[in-house]
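> Could you have a look at this structure, given as structure tokens, before my questions?
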Amino acid sequence: MVQKVHSLSHTKWHCKYHIVFTPKYRRKVIYNQYRSSLGEIFHCLCNYKGVEIIEGHLMPDHVHMLVSIPPRISVSSSMGYLKV
């Protein structure tokens, strides 16, 4: 399997992060009407910030995402942007 390596002006990078979002008390609130909306919202927000969603799964009580975040953006700031 060939891995995709990104590059900036003086660096090459390959940073992937597995992120899990859970609602408070892990309540099962992600249903059909919210599933399609959340998927579109996550894709729009990530495209705006330059973050690539490699894989994502919406479960009834949590969200799994495998994302590639450029080194110029900190992981905490990109996740803070998605959570707000």
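> Can you list, largest first and rounded to whole Å, the semi-axes you get for the chain by taking the square root of 5 times each eigenvalue of its Cα gyration tensor?
26, 13, 11
> Still on this structure, I have one more. When Lys and Arg each count +1 and Asp and Glu each count -1, what net charge do the other residues less than 11 Å away from Trp13, Cβ to Cβ, add up to?
+4
> Moving on. With each pseudo-label sitting 7 Å past Cα toward Cβ, what's the Glu40-Val84 distance in nm, one decimal?
2.3
> Testing the spin-label approximation: label points 7 Å from Cα along Cα→Cβ at Ile54 and Leu8. State their distance in nm.
Result for the modelled spin labels: 1.9 nm.
> Only counting other Cβ atoms within 10 Å, I'd like Leu45, Leu82 sorted with the fewest neighbours first.
Leu45, Leu82
> 222 nm [θ] for the chain, helices only, -39500 (n - 2.57) per DSSP H run of 4+, per residue, to 500?
Only helices count here, giving -10500 deg cm²/dmol.
> Let me ask something additional. State to the nearest 20 debye the size of the charge dipole of the chain about its Cα centre, where the only charges are +1 on K and R beta carbons and -1 on D and E beta carbons.
Roughly 220 debye, rounded to the nearest 20.
Read-outs throughout are calculated quantities, based only on the coordinates presented, and are distinct from any laboratory measurement. Predicted, not measured: the structure shown is a model, and the values here were computed from it. Glycine also receives a Cβ, built like all others from the backbone with ideal geometry; neighbour counts cover every protein chain displayed.
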